[in-house]
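Below: one structure, written as structure tokens.
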Amino acid sequence: MGNFCGCIGKKANVVILGLQNSGKTTTMTRIMSIVTRQELDVSSHPGHPDDSLLTPTIGQNIGHISMFGYKTTIFDMGGQSSYRKQWSVQYATATTIVFIIDGADASSFAEARRHFTQVMQDEATANTPVLFLINKCDLDTCARFETVVEYFSLDGPLTHHRPFRVLRVSALTGHSIYYAFRWLMAQVTPKGGRPARHIRVGSSNFEKMIV
Ligand SMILES: Nc1nc2c(ncn2[C@@H]2O[C@H](COP(=O)(O)OP(=O)(O)OP(=O)(O)O)[C@@H](O)[C@H]2O)c(=O)[nH]1
Ligand SMILES: [Mg+2]
């Protein structure tokens, strides 16, 4: 499966978190389709009976893919409030975490920030690399990079002691998804600790994507 794995026994767990409708399942399916070079039908609409992508996740989805040198298990957690209590069980086992927000839904930011802060302050995630995705950048209403960094306090103590990156992406179109996961998987070390080389842009942990 895939052309990106020279992995012999190297394993990684990627745990995807975020509120309902932020695009976690779309992101998981997108990266898996890119890695396996399969086409994803992005013209589907919510409610399409055959499109499991667009159904709110019950519990969690689990995907297996060999990518970027690791036999990777992706945990796509349900984002509805009733499933969020399961997040801590799964992120405690994470090699890396992806936290996704719906960048086009500013009304969800306060709740997303509360959960993001909880995850980052949990001792269980203290050294875990985190990729923060501002999803739905294909929409005109998607928040600006700087707005999100400020609102979620991404350039501060919550993030500075760990490999951390924030990117604007579109899981729907695939914009920056491959790039995002390539960075994330480069943060994995055999012992699950910090990477030998921490990618930085200038003096910042952040890289602004031109969209
Ligand atoms: N415009 C746009 N829509 C997106 C994007 N990513 C996901 N969506 C849409 O957002 C809706 C929710 O996507 P899901 O991937 O199911 O969201 P989720 O985070 O898995 O939701 P839960 O399983 O309920 O937690 C769907 O209608 C997707 O088509 C994106 O990048 N751009
Ligand atoms: Mg889902």
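The values are calculated or read from the model by the stated rules, or taken from the named source; none is laboratory data. Bear in mind that the values here come from a model prediction, so they are computed numbers and not experimental data. With ideal geometry, Cβ positions are generated from the backbone for all residues, glycine too; neighbour counts draw on all protein chains shown.
If you go through the range 58-101, how many residues are buried (at least 18 other Cβ atoms within 10 Å of the Cβ) and among the hydroxyl-bearing types (S, T, Y)?
Matching residues across the range 58-101 total 6.
I'd like to check something: does the range 11-24 contain any residue that is among the β-branched types (V, I, T), at pLDDT below 95, away from ligand 2 (no atom under 12 Å from the Cβ) and farther than 19 Å from A104 by Cα?
no
Report, by residue number, each residue of the range 136-171 that is crowded, with 20+ Cβ neighbours inside 10 Å and either modelled with pLDDT under 95 or of a type in the set (S, T, N, Q) (or both).
T159, S170
What number of residues in the range 56-71 are within 16 Å of ligand 2 (Cβ to nearest atom), in contact with a Gly (Cβ under 7 Å, 6 or more places away or on another chain) and not in a loop (DSSP other than H, G, I, E, B)?
1
Please name all residue pairs, on different chains or six or more residues apart, with Cβ atoms under 9 Å, provided the first residue is in the range 99-120 and is free of Cβ contacts under 8 Å to residues at least 24 places away in the same chain and the second residue is surrounded by fewer than 22 Cβ atoms within 10 Å (Cβ to Cβ).
Cβ pairs passing all conditions: A110/Y151; Q118/S88.
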